[in-house]
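The values are calculated or read from the model by the stated rules, or taken from the named source; none is laboratory data. On a predicted model such as this, the values are computed, not experimentally measured, just so you know. Glycine also receives a Cβ, built like all others from the backbone with ideal geometry; neighbour counts cover every protein chain displayed.
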Amino acid sequence: MASRTSEMVCRVDPAQSFDADSLLRYAIANVYGFPQSPSQFIVSQFGHGQSNPTFLMEVHSGSIVKRYVMRKKPPGKLLESAHAVEREFQVLHALSTYTLVPVPKVFCLCKDPTIIGTPFYIMEYLEGRIFINPMLPGVSPMQRKNIYHATAKALASLHSADVDAIGLRSYGKPNNYCKRQVERWAQQYLVSTGEDKSPRNPRMLELADWLRQHIPLEDSSGGAAGLVHGDFRIDNIVFHPTEDRVIGILDWELSTLGNQMCDVAYSTLHYIVDISLDKVEQNGGLELSGIPEGVPSLAKYLADYCAATGKPWPAANWKFYVAFSLFRGASIYAGVHCRWILVSTTKLDELMIGNASGGERARNAGKKADAMIEIAWAFIQRESVLPLHPPIESVPQEHGLQHGTESKDNLHSTGGRFVPSQKVQELRNKLIKFMENHIYPMENEFYKLAQSSNRWTIHPEEERLKELAKQEGLWNLFIPFDSAARVKQVISGQRRDGTIDKAFDGLLGDGLSNLEYGYLCEIMGRSVWAPQVFNCGAPDTGNMEVLMRYGDAEQMHQWLIPLLQGKIRSGFAMTEPQVASSDATNIECSIKRHGDSYIINGKKWWTSGAMDPRCKILVLMGKTDFNAPKHKQQSMILVDINTPGVNIKRPLTVFGFDDAPHGHAEIMFENVRVPAKNILLGEGRGFEIAQEGRPPPPRHVVAAPPPLPPLHHRHHCRRFTAATSAAVAAVSREKEETPFEF
């Protein structure tokens, strides 16, 4: 089971005590929003795995209780580079301010040791869950799968940070990281072992030599370089209290720039070895003891990470990275054992190798170091440590499919080209036949209405064709499998029997991947009228996917189901005339909380879909907190288009065309009051939704590189290709030439 962060505190260790009153005075003066006249101030200490002592600060002010976290250097003599809380503050500030990497927000850094004895910083308190045991006992198989998926996603997120863009270019030396690390930990081992210290194991020195001879080329070339956490593992992650997603990555003491594959290998060590000091005789990891149901295999976890980051499959150098992680772990444990010996013999000041606490468990650290050395050698001597290729079928849809690694059942490649499977080819043939029999013959009629005085009405034949498309099984083809699965889970959870209506299940598409769907977009894109006939038209597809991924049961019943049925349409209100809205951080529309409602004020234009007489719901992007970190100011909220204060001013034109009856509207929102329950995912999550979950219109959101490649259906691109092909074909027919094919 998980431990709540609030349950992981205890009384302050007397050896780590400090002047709490001095800390309180400093916080009042330097932390924005800190209660100025608190009635009570309580400090307790986190007990789990903190080499830099970490404390919970509870501030009572009347009936209000605020919580903060303070992290400080330990007292005593330290190595110059050890326990650098200043660097922790630097990386956390950069990530929380400029990226969506899940980290706690930091408030202030104090370098003055006279305040509480050592430098420290104060950061946000995250109420959530921490899983100490990677086997995840007491957790359901589905949750285990989700938790490991979220862990891989979080690691990919921090590895995707653009260090140049967020001011961390000089945070470390990215190249030759492994080369330096091997020497560092080899020297650390020599310092920690020998006479009157932990016993020295010659096999460790041989391991260092093997590592020196097998450093991957990508280490010196910078091919795997970027931000490195240095201690990334599941118990350094805070999960949401109820959802299986990461809200905070902790313990950045060892972070730097370097070879990111070292992070990846270290995060998988529990598959190879049980690193707990509580277990000395039984050192086997999950691959030996048995992988619990729901926990992915090592290969599946790596495939998830590689798909999320776009990194190559690491089979060629995996022996090195795992052996290095075990080598580093052995050196650390030798140091822990050495400290225990020196404390026991009162000679601690003779060796300044850090100040991490030992305790009685440290007595076994020397044996654990020797065990890790032997496990490293056994791993090196394995004939195979990873399959030559990732298990593609196991990669989650939202990662693998965005990189074109599709289901083996539906796609195969030949000669460097992806070829549609029989299922996709059958759908494609049905689409072509439908287009030829029903869409193309009606185009002139659709165009006539769109250019008449009744152009903002719907041709009755369109609704008939929609029903026919449903009957043909050509409906909602855009929906990916994982989005459909979440909808089923949420909707079925509202029923006593946990089932889902068969007719509703039929509204959730065919579970196609992005690449598979692309073949069908190329057909639909040959007519501007076709996508909406198959309920695959923008902005409805993006809005529906937002509701599928982030909507709750009530939002799904009220808005998603009618959209899936094709009974209503929707609009997307993001762009504003006075700012460069392709950068969502520039948005000025305000969304202010007022009791159980939100009040919206702002001006939007190019609100696609809003002119359609069937448009009933708008997904609006605005700001709920103009003072929050740059990418956490925005929120998305659902607005009934008939709400008082929603004033559609006019349709906008492109080269004189108004795209009737779909249209792109200029809309004023004047004191528009919507229920608070209409917020999507929560306040401050709008930028995250825009980057990860919603396929944007052609004017893409470009404010900052997303932490993960967004899950976007590239249907616009395929439709443009199809439209170009159709145009060339039309010209070619006029000249009696053979048309080009794309």
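Couple of notes before you dig in:
- The set of residues in segment 287-339 that are in contact with an Asp or Glu (Cβ under 8 Å, 6 or more places away or on another chain) and either crowded, with 24+ Cβ neighbours inside 10 Å or in a loop (DSSP other than H, G, I, E, B) (or both) comprises P296, A330.
- Pair list, Cβ < 7 Å and 6+ apart or interchain, from segment 329-341 residues that are assigned by TED's automatic domain parsing to the domain that holds A369 and more than 15 Å from V273 (Cβ to Cβ) to residues that are of a type in the set (K, R) and at pLDDT below 85: W340/R363
- Taken over segment 452-469, the criterion of being touching a residue at least 60 places away in the same chain (Cβ under 8 Å) and not aliphatic (A, V, I, L, M) is satisfied by R455, W456, T457, E462, K466.
- Across segment 187-203, the number of residues qualifying as surrounded by 20 or more Cβ atoms within 10 Å (Cβ to Cβ) and within 10 Å of R328 (Cα to Cα) comes to 1.
- Of all residues in segment 117-155, those satisfying the criterion of being among the hydrophobic types (A, V, I, L, M, F, W, C) and under 27 Å from E86 (Cβ atoms) are F120, I122, M123, L126, I130, A154, L155.
- Answer residue from segment 664-687, given it is assigned to a strand (DSSP E or B) and under 15 Å from M636 (Cα atoms) and is nearest to the chain's Cα centre (by Cα) among those: I679
- Within segment 255-278, tally of residues that are in contact (Cβ under 8 Å) with a residue 24 or more places away in the chain and in contact with a strand residue (DSSP E or B) (Cβ under 8 Å, 6 or more places away or on another chain): 9
- All positions within segment 473-516 that are within 21 Å of M435 (Cβ to Cβ), at pLDDT 90 or above and among the hydrophobic types (A, V, I, L, M, F, W, C): L474, W475, L477, F478, I479
- Residue selected from segment 35-57 under the condition more than 30 Å from the chain's Cα centre (by Cα) and not aliphatic (A, V, I, L, M), by the criterion nearest to V336 (Cα to Cα): S44
- Residues in segment 1-60 that are among the small types (G, A, S), closer than 22 Å to F89 by Cβ and not in a loop (DSSP other than H, G, I, E, B): A20, S22, A27, A29, S44.
- Failed item in (1) over 20 Å from the mean Cα position of the chain (by Cα); (2) closer than 23 Å to P74 by Cα; (3) surrounded by 16 or more Cβ atoms within 10 Å (Cβ to Cβ), with W210 passing the rest: (2)
- Qualifying residue in segment 139-149 (condition: under 24 Å from P216 (Cα atoms) and modelled with pLDDT of 95 or more): no
- Criterion: surrounded by 13 or more Cβ atoms within 10 Å (Cβ to Cβ), farther than 30 Å from M556 by Cβ and modelled with pLDDT under 90 - qualifying residue of F446, F418: F418
- Close pairs (6 angstrom Cβ cut-off, 6 or more residues apart or separate chains): at positive phi and without any contact (Cβ under 8 Å) to a residue 40 or more places away in the chain in segment 94-109, basic (K, R) and crowded, with 23+ Cβ neighbours inside 10 Å anywhere: none
- Strands (runs of 3 or more DSSP E) completely within segment 522-612 that count 2 or more residues being buried (at least 23 other Cβ atoms within 10 Å of the Cβ), more than 24 Å from the chain's Cα centre (by Cα) and assigned by TED's automatic domain parsing to the domain that holds V672: 569-573, 597-608
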